[in-house]
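Enquirer: One structure is given below, represented as structure tokens, and several questions about it will come after.
The values are calculated or read from the model by the stated rules, or taken from the named source; none is laboratory data. Since we're looking at a predicted model, the values are computed, not measured. Every residue, glycine as well, gets a Cβ built from its backbone with ideal geometry; the counts of neighbours run over all protein chains shown. The accessibility values were calculated without ligands, DNA or RNA, using every heavy atom of the protein model including side chains. Shrake-Rupley method; radii C 1.70, N 1.55, O 1.52, S 1.80 Å.
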Amino acid sequence: MKKSLLFLLCYLLVLTGVWAQEKFTVNGYIKDASNGEALIGATVYIKSLNAGTVTNVYGFYSITLPAGTYLFDYTYVGYGKQEKQLELNKNIRLDINMEPEGEELQEVVISAEKEEALVQSIEMSVNKLDIKTISKIPAFLGEVDVIKSLQQLPGVSTVGEGASGFNVRGGNVGQNLILLDEATVYNSSHLLGFFSVFNPDAVKDTKLYKGAVPPQFGGRIASLLDVRMKDGNNQEYETNGGIGTIFSRLSFEGPIVKDKGSFIVAGRRSYADLLARPFVELLQDGGALNFYDLTAKANYNINDENKIYLSAYLGRDVFFFDKNQGFSWGNNTATLRYNKIFNDRLFANFSMIYSNYDYKLQFGEDDRDFFRWNSAISNFTFKPSFSYFLNSNNEISFGGEINYYDFEPANASGASNGDVIDISLAKKFNLETALYIGNDQKLNETFSLQYGLRFSRFDGFGRGTQYTLGAAEEPGKRKEILGERQFGRGDRMSTYENLEPRFSIKAQLTNNSSIKASYNRMVQYLHLISNTVASNPLDVWTPTSNNIKPEIGDQITLGYFRTLGKKDQFEVSVEGYYREAQNQIDYIDGADILINEFLEADLLSGKGRAYGLEFYLQKKTGRFTGWAAYTLGKTELRIDGINKGNWYPTRFDQRHNLKLTGFYELNKRWSASASFTFTTGTPTTFPTSRYIIQGVLVPHNNNESRNNVRLANYHRLDISFRLEGRKTKADGTPRKNTDYWVFGIYNLYGRRNQFSVNFSQKEGRYQPGEYIPSQANQLAIIGSPIPSVSYNFNF
């Protein structure tokens with residue numbers, strides 16, 4: 001099987017170079033003329049050949065054509081079109097600076113590429129949001145949020161307010177790879193899921209892969225969220241910021257050397273605890289309730305062929321009840337990148353990356369009586385990647401990746417009357433390596449292919465203890481520990497290798513319609529261990545080992561894409577997907593996942609499947625714009641020992657998911673937006689019987705069912721109004737500064753959506769033998785309308 005895949009890939013690559021003739025290359029960078037920002041996905045098109053390309057994530061393009069004279073069209077939504085007539089009798093370096101169009105009528109677009117990109121691109125199962133779109137979607141407390149905005153798209157969901165992360169096509173939160181300038185973000189949420197860690201003032205582009213993932217990416221089986229930071233204005237100094245209901249933000253950017261280098265620094269902090277401290281005694285005694293983050297990036301053009309980037313992120317949430325009791329968590333990342341243009345066709349990037357996530361939990365009165373627990377995961381990455389622009393019909397990508405992981409499950413201790421007990425768990429060390437090769441190939445006017453192969457390997461190293469587990473006494477119970485083996489520092493404890501093929505095909509039916517299909521295999525070696533209703537900051541990341549197998553996901557997709565209207569102002573797509581997953585993790589009843597040396601004995605594994613249909617309709621231009629997204633889906637697990645070995649829905653399964661998002665320009669200063677969400681209630685487990693023990697009611701599930709009922713359907717309406725500041729001064733001269741106000745209401749009609757339901761004995765005194773009634777207790781995170789106002793500025 002592996003040899004056949006390698007042979008097929010090599011054969012296809014050889015075919016790309018069979019027909020040779022004299023050809024020349026045009027390449028360069030496409031940027032925003034006003035600030036020097038690279039334009040990701042800008043289009044270069046030669047109409048006479050019906051050929052073209054798009055810029056990569058660094059704004060670089062390269063296209064190779066036969067000798068001749070051609071008219072090049074450079075386009076990017078929101079920017080004026082540029083035309084260049086070039087005589088190709090030699091290689092040409094041509095950088096393009098595009099001017100933003102006027103703002104007579106604001107337009108909301110979900111993709112920053114040319115209008116036909118959805119139909120004509122080989123990509124499928126991909127959603128893009130530019131920051132201008134994100135800033136107009138109604139948000140909780142009026143604060144712009146990348147993650148919450150993504151949840152308005154098809155195939156993306158969450159289990160409710162206050163839930164960290166997001167779910168994609170039936171995957172759990174830990175099955176999404178989230179990258180910030182290539183660095184892994186292990187927890188993407190602030191304030192227990194109400195806000196994301198991404199500062200909108202520092203974000204340039206977001207791209208969500210739900211399927212058809214290119215071979216240069218791996219490590220998760222559900223999705224990839226690729227967030228790219230702004231480079232910073234290399235023309236002039238600029239300040240952006242906002243003052244909101246719960247936090248404020250400020251960013252500063254400008255040139256290091258004009259036209260050669262730039263920087264941006266952006267920070268946020270919530271201030272509820274600062275405002276409340278004079279009135280709340282708890283906060284005066286060392287208590288804290290806040291989050292903050294700092295994002296920074298710099299870049300410098302050494303010369304036309306060499307460029308370096310340095311970016312970093314630091315963020316933390318702090319919840320302390322007093323100076324000795326509370327918890328906190330946070331992410332730290334750093335990325336150093338080097339761009340190199342070796343020749344007219346070969347572009348390379350070399351990245352060195354650091355990521356860290358840690359949390360701390362502590363309780364106690366003083367140093368004689370306490371409990372303290374720290375946990376962390378960190379990784380160091382080296383990632384070389386190359387793009388070879390063979391000709392106008394083939395772009396070959398290849399490279400590798402080395403990830404070194406350091407897991408600290410628990411650095412924990414407790415004390416009672418001064419007697420300290422260390423209950424820490426040993427660290428774990430792992431190395432993940434990968435090699436990949438792929439090609440974007442246009443066969444003819446109708447068919448295009450994207451194919452590749454990724455080889456991944458995962459090794460576990462000592463020092464550490466490896467346990468041998470036997471079968472449980474009965475399915476669904478804790479496994480028996482048969483023995484253990486000690487490994488010294490650097491000794492290899494386990495090894496896994498996998499091939500991950502990727503393949504996509506597009507059939508262009510007409511200029512405004514196409515059919516696409518794809519298959520990809522993804523392998524995941526890191527596992528998020530969580531048995532709570534929703535993911536939380538204290539969840540545990542653990543690596544693949546001799547007892548925990550890597551998760552493997554195989555997904556196939558099929559879709560139809562079309563533009564409608566006289567000016568193609570409507571985009572329509574329908575995608576069907578089916579994913580089978582191996583080695584999916586669930587838990588025995590009563591599993592102990594925190595500070596448990598024998599955690600692996602409490603884990604169960606089995607099969608998973610997710611399938612569904614996604615419908616998407618978008619109106620892109622005019623005074624009214626927006627989109628409708630509907631997903632019909634099903635997500636199930638089958639694990640021996642749970643639900644009597646039958647298929648059962650996952651906690652985040654949602655049969656129906658409808659999102660409506662609209663924007664309306666009332667006039668040049670006022671605009672309105674609204675978003676409506678409806679989802680089927682998520683599954684949960686209710687008791688099927690009860691016991692009375694010494695007058696106490698104990699709910700019980702006597703048929704071993706899992707997720708046997710659903711919560712009530714979820715629905716919510718949010719609205720917002722935006723007031724742009726005046727463009728001119730009193731004397732009619734233009735204002736250099738710009739600003740705007742946002743007024744919003746979250747949960748307009750005060751819906752109390754169920755987050756969870758539990759059962760308990762109804763309060764009261766009952767005589768022996770008397771019937772004891774029970775009651776259901778509903779938890780709703782938000783149950784009333786929440787108004788907000790924020791002020792945003794730029795100067």
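Enquirer: If we keep just the residues of the range 22-35 that are over 30 Å from the mean Cα position of the chain (by Cα) and open to solvent by 10 Å² or more (accessible area, probe 1.4 Å), which is farthest from residue 122 (Cα to Cα)? Full working, then the answer.
Expert: Just the residues of the range 22-35 that are over 30 Å from the mean Cα position of the chain (by Cα), to begin with: 22-27.
Pick out the ones that are also open to solvent by 10 Å² or more (accessible area, probe 1.4 Å) and you get 22-24.
Numbers: 22: 27, 23: 25, 24: 25 Å.
Top of the filtered list is 22.
Enquirer: Still on this model: So, residue 606, is that one over 29 Å from residue 121 (Cβ atoms), assigned to a strand (DSSP E or B) and not acidic (Asp, Glu) or not?
Expert: Here the answer is yes, as residue 606 does meet what is asked.
Enquirer: Same structure again: Given the range 657-735, what strands (runs of 3 or more DSSP E) lie entirely inside it while holding 3 or more residues that are among the small types (Gly, Ala, Ser)?
Expert: The qualifying strands (runs of 3 or more DSSP E) are 670-679.
Enquirer: Does any residue of the range 583-598 turn out to be over 23 Å from residue 496 (Cβ atoms), modelled with pLDDT of 95 or more and part of a loop (DSSP other than H, G, I, E, B)?
Expert: no
Enquirer: Can you find, within the range 761-778, the residue that is nearest to residue 246 (Cα to Cα) among those that are touching a Phe, Trp or Tyr at 6+ places or on another chain (Cβ under 6 Å) and open to solvent by 40 Å² or more (accessible area, probe 1.4 Å)? Give the derivation first.
Expert: Within the range 761-778, the subset touching a Phe, Trp or Tyr at 6+ places or on another chain (Cβ under 6 Å) is 772, 774, 776.
Filter once more, keeping what is open to solvent by 40 Å² or more (accessible area, probe 1.4 Å): 774, 776.
Details: 774: 39, 776: 33 Å.
Residue satisfying both the conditions and the ranking: 776.
Enquirer: Restricting to the range 227-264, name every residue that is open to solvent by less than 10 Å² (accessible area, probe 1.4 Å), under 27 Å from residue 737 (Cβ atoms) and assigned to a strand (DSSP E or B).
Expert: 229, 241, 242, 247, 251, 253, 254, 261, 262, 264
Conditions (1) in contact with a His (Cβ under 6 Å, 6 or more places away or on another chain); (2) in the same structural domain as residue 527 (by TED's automatic domain parsing); (3) open to solvent by 10 Å² or more (accessible area, probe 1.4 Å); (4) within 26 Å of residue 232 (Cβ to Cβ), marked per residue:
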position: 148; (1), (2), (3), (4): no, no, yes, yes
position: 151; (1), (2), (3), (4): no, no, yes, no
position: 158; (1), (2), (3), (4): no, no, yes, no
position: 163; (1), (2), (3), (4): no, no, no, no
position: 166; (1), (2), (3), (4): no, no, no, no
position: 169; (1), (2), (3), (4): no, no, no, no
position: 182; (1), (2), (3), (4): no, no, yes, yes
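Enquirer: How many residues are in contact (Cβ under 8 Å) with a residue 24 or more places away in the chain, within 23 Å of residue 776 (Cα to Cα) and of a type in the set (S, T, N, Q) if we restrict to the range 680-729?
Expert: 9
Enquirer: Here is a check on your reading of the model: is residue 201 open to solvent by less than 10 Å² (accessible area, probe 1.4 Å), touching a Lys or Arg at 6+ places or on another chain (Cβ under 8 Å) and of a type in the set (Asp, Glu)? Give the steps one after another, and end with the answer.
Expert: Details: open to solvent by less than 10 Å² (accessible area, probe 1.4 Å): no; touching a Lys or Arg at 6+ places or on another chain (Cβ under 8 Å): yes; of a type in the set (Asp, Glu): yes.
Here the answer is no, as residue 201 does not meet what is asked.
Enquirer: Given the criteria open to solvent by 40 Å² or more (accessible area, probe 1.4 Å) and either free of Cβ contacts under 8 Å to residues at least 40 places away in the same chain or under 30 Å from residue 755 (Cα atoms) (or both), does residue 531 qualify?
Expert: Yes; evaluated as a whole, the condition is true for this residue.
Enquirer: Here's something else I'd like to know. Would you check which residues across the range 549-573 are open to solvent by 10 Å² or more (accessible area, probe 1.4 Å) and part of a loop (DSSP other than H, G, I, E, B) and list them?
Expert: Within the range 549-573, 549, 565, 566, 567, 568, 569 qualify.
Enquirer: Can you spot a residue in the range 747-760 that is in contact with a Gly (Cβ under 8 Å, 6 or more places away or on another chain) and either part of a strand (DSSP E or B) or open to solvent by 70 Å² or more (accessible area, probe 1.4 Å) (or both)?
Expert: Yes, the conditions are met somewhere in the range 747-760.
Enquirer: When the residues of the range 36-54 are narrowed to those that are within 22 Å of residue 90 (Cβ to Cβ) and in contact with a Gly (Cβ under 7 Å, 6 or more places away or on another chain), which ends up most open to solvent (accessible area, probe 1.4 Å)?
Expert: So the first thing to find is which residues in the range 36-54 are within 22 Å of residue 90 (Cβ to Cβ), and the list is 44-46, 48-49, 51-53.
The next check asks that each one be in contact with a Gly (Cβ under 7 Å, 6 or more places away or on another chain); those that pass are 44-46.
Numbers: 44: 1, 45: 59, 46: 0 Å².
My answer is 45.
Enquirer: Turning to a different aspect of this structure: I'm told residue 645 meets every condition in (1) open to solvent by 60 Å² or more (accessible area, probe 1.4 Å); (2) more than 21 Å from residue 751 (Cβ to Cβ) except one. Can you identify the failing condition by its number?
Expert: Single failed check for residue 645: (1).
Enquirer: Taking the range 353-389 as the search range and keeping residues that are touching a Lys or Arg at 6+ places or on another chain (Cβ under 7 Å) and over 20 Å from residue 288 (Cα atoms), which one is most open to solvent (accessible area, probe 1.4 Å)?
Expert: 388
Enquirer: Can you list residue pairs whose Cβ atoms sit under 6 Å apart, with the first residue in the range 574-597 being open to solvent by 30 Å² or more (accessible area, probe 1.4 Å) and the second being basic (Lys, Arg)? Count only pairs 6 or more apart in sequence or on different chains.
Expert: Going by the 6 Å Cβ cut-off, the qualifying pairs are 580/609; 583/549.
Enquirer: How many residues does the range 265-315 hold that are part of a strand (DSSP E or B), over 26 Å from the mean Cα position of the chain (by Cα) and within 30 Å of residue 96 (Cα to Cα)?
Expert: Total meeting the criteria: 6.
Enquirer: Look at residue 536 and say whether it is in a loop (DSSP other than H, G, I, E, B) and in the same structural domain as residue 652 (by TED's automatic domain parsing).
Expert: yes
Enquirer: If you don't mind, another one. Is there a residue being closer than 20 Å to residue 373 by Cα, touching a residue at least 12 places away in the same chain (Cβ under 8 Å) and among the small types (Gly, Ala, Ser) anywhere in the range 402-411?
Expert: Yes, there is a match, as at least one residue in the range 402-411 is closer than 20 Å to residue 373 by Cα, touching a residue at least 12 places away in the same chain (Cβ under 8 Å) and among the small types (Gly, Ala, Ser).
Enquirer: Another question, if that's okay. Out of all the residues in the range 506-514, is one or more farther than 21 Å from residue 154 by Cα, open to solvent by less than 40 Å² (accessible area, probe 1.4 Å), assigned to a strand (DSSP E or B) and not aromatic (Phe, Trp, Tyr)?
Expert: The answer is yes; a qualifying residue exists.
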